[in-house]
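A.B. asks: Structure incoming, see below.
Nothing in this text is a laboratory measurement; each read-out follows from the coordinates by a stated rule. This is a predicted model, so every value here is computed, not measured. Note that we place each Cβ from the backbone using ideal geometry, even for glycine, and neighbour counts take in every protein chain shown.
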Amino acid sequence: MLGLTAEQIGTVILGFSIALISLMGGQKGKQIAQGKTPQASDMVEVAGALVNSKDVERIVGSLDAFTAAAAMLKPAINRDVEAKTALTKALSENSRGLNRNSDTADDMRDEIKDVRVAIERLKDELIRSGRGRTE
Amino acid sequence: MIVLRRLANGVWDHAGVRFTEWLGAAPLLGVGYVLYAQPDALFSTMSFAVLAAWAEAAWSNMLMGCGLMRLVALFVNGTFRGFRHSPTIRFVASCFSAMFWMLFTVGIYTAWREVGGSPTGIVAYGTLIALELRNAYVSRVDMASARGRAEHARADR
C-alpha cells in the first residue's frame, strides 16, 4: 500500500497514535496542574462514599438553606400547636358541659317518673273514694 | 535502610496507578531474557522468521534495556521528588515498548502471510501495544502535570 512495507505502515500508525496520546495527555496534565479536574486530595469520604469537596460544599449549602426554611416555619408550627391546644381545651369544656346536661336530664327523668307514680296513686285514691269517674 | 523503606513506600503508593506499567515490564524483561538465554529461539518457529531476518541478536538487548529503564524510572518516580525526569523516562520507555511490540506484531503477521506460522501472536502482541499506549498516556499526563506544578511553584516564588 502506497509503496510502504507492513512495518513502515505500522510505524506511521503508531507514530500518529503516540502523537495523539501525547496531545491528550498533555492537555489532561495541564488541567490537573491548574486544579481544573478533581484531585484525589479534593475527595472527601461522606458516609462511606467518596465525594468531591466542592459537592460537599454544595450539600452543606443546601442543608443551611433547609435549616433557614425550617426556622421560618417554626413560628407557624408553634401557632398551629397553640390553636390545637385551645381547641382541645374547648372540646374538653364542651364534653364537661354535655356530661352536666346528661346528669340534669337523668334527674328530670327520675322526677318525671316520681310525678307519674304520684299521679297514678292520686288516681287510685280518687277511684277508691268514689269521686272519680269510672265510665 | 531508610532509603529502602522510602523506596518501598514510594513504589507501593503508586503501584495501583502504575499497575499496567509494572505489568508491561514483565513481558519486556521476560521475552528479552528468553531471547538472551536461547539465541536461536527466533529460528525455532516460522512465526518469528521475519523478526529474525530484521535483527537477529539485537532483540534481547533492546527489550531488556527498555524493561530495565522502565523499572528504574518506576522505582525512582514518586519517591525522589528532586528528580523530575522519571515521567519522561517512563513515557519514552512506553513509546519504545509500543514500537517493539508493534514490530513483533507486524513481523508475525508478515511471516504468517508469507512463510507460514501461527497468527495467535498478532493478538497477544497487539494487546501489548494497547497496554503500552495506555502507559504512554498515563506517563504523559504525569509529565505535563509535574511540569505545570513546577511552573506554578516557580511563579509563586
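A.B. asks: Taking one equal scatterer on every alpha-carbon of the protein assembly as shown, how large is log10 of I(q)/I(0) by Debye at q = 0.08, 0.10, 0.12 1/Å?
C.D. replies: -0.60, -0.77, -0.95
A.B. asks: What Rg and what Dmax come out for segment B:1-71 when only alpha-carbon atoms are used, in angstroms?
C.D. replies: 16.1, 51
A.B. asks: Is there a simple number for the mean count of other chain Cβ atoms within 10 Å of the Cβ of residues in B:141-154, and what is it? Write out the running numbers ahead of the final one.
C.D. replies: Numbers: counts 11, 3, 4, 10, 11, 3, 4, 8, 5, 1, 2, 3, 0, 0.
Average neighbour count from other chains, rounded to a whole number: 5.
A.B. asks: Also, quick follow-up: Rank B:Glu21, B:Glu114, B:Glu132 by mean-square fluctuation in a GNM of chain B with C-alpha springs under 10 angstrom and give only the top-ranked residue.
C.D. replies: Of B:Glu21, B:Glu114, B:Glu132, the Gaussian network model singles out B:Glu114 as fluctuating most.
A.B. asks: Now for a separate question. Got a sec to turn the phi values of segment B:12-20 into Karplus ³J(HN,Hα) couplings, 6.51 cos²θ - 1.76 cosθ + 1.60 with θ = phi - 60°, whole Hz, x for Gly and Pro?
C.D. replies: Per-residue couplings from phi come out as 5, 4, 9, 4, x, 5, 9, 4, 5 Hz.
A.B. asks: Here's something else I'd like to know. Go ahead and set up a Gaussian network model of chain B, Cα springs under 10 Å, then flag whichever of B:Gly32, B:Gly24, B:Gly116 fluctuates most.
C.D. replies: B:Gly116
A.B. asks: Take the Cα pairs of chain A, get the Kirkwood Rh, then feed it into Stokes-Einstein at 37 °C and 0.692 mPa s and tell me D in µm²/s. Please report the intermediate quantities before stating the final value.
C.D. replies: Details: Rh = 26.5 Å.
Stokes-Einstein gives a translational diffusion coefficient of 124 µm²/s.
A.B. asks: Write down Rg/Rh for chain B, rounded to two decimals, with Rg from the C-alpha atoms and Rh from the Kirkwood relation over Cα pairs. Don't skip to the end; give the middle numbers.
C.D. replies: On the way: Rg = 18.2 Å, Rh = 16.9 Å.
The Rg/Rh ratio comes out at 1.08.
A.B. asks: Beyond 19 Å, how much of the Cα-Cα pair distribution for segment A:81-135 remains, as a whole percent?
C.D. replies: Details: 888 of 1485 pairs.
Result: 60 percent of Cα pairs exceed 19 Å.
A.B. asks: Relative to the longest principal axis of chain B, what angle (0 to 90°, nearest 10) does the C-alpha long axis of helix B:58-76 take?
C.D. replies: 20
A.B. asks: Two decimals is fine: what is log10 I(q)/I(0) at q = 0.17, 0.21 Å⁻¹ for segment A:46-113, from a Debye sum with one equal scatterer on every Cα and no solvent?
C.D. replies: Those come out to -0.80, -0.91, one per q.
A.B. asks: Still on this structure: Given the options A:Asp80, A:Asp64, A:Asp114, which has the most mean-square fluctuation in a GNM of chain A, springs set between C-alpha atoms less than 10 angstrom apart?
C.D. replies: Residue with maximal mean-square fluctuation among A:Asp80, A:Asp64, A:Asp114: A:Asp114.
A.B. asks: Computed FRET efficiency, Cβ-Cβ of A:Ala65 and A:Leu91, R0 51 Å: what is it to the nearest 0.05? Please report the intermediate quantities before stating the final value.
C.D. replies: Values: r = 39 Å, r/R0 = 0.76.
Computed FRET efficiency for A:Ala65 and A:Leu91 comes out at 0.85.
A.B. asks: Quickly estimate the mean residue ellipticity at 222 nm for chain B, helices only: each DSSP H run with n ≥ 4 gives -39500 (n - 2.57), and the total goes over all residues, rounded to 500. Display every interim value, and only then the final one.
C.D. replies: Working: 6 runs with 123 residues, N = 157.
The helix contribution divided over chain B gives -27000 deg cm²/dmol.
A.B. asks: Something else now. Nearest 500 deg cm²/dmol is fine: what mean residue ellipticity at 222 nm does chain A get from its DSSP H runs of n ≥ 4 alone, each adding -39,500 (n - 2.57), divided by its residue count?
C.D. replies: For chain A, the value works out to -29000 deg cm²/dmol.
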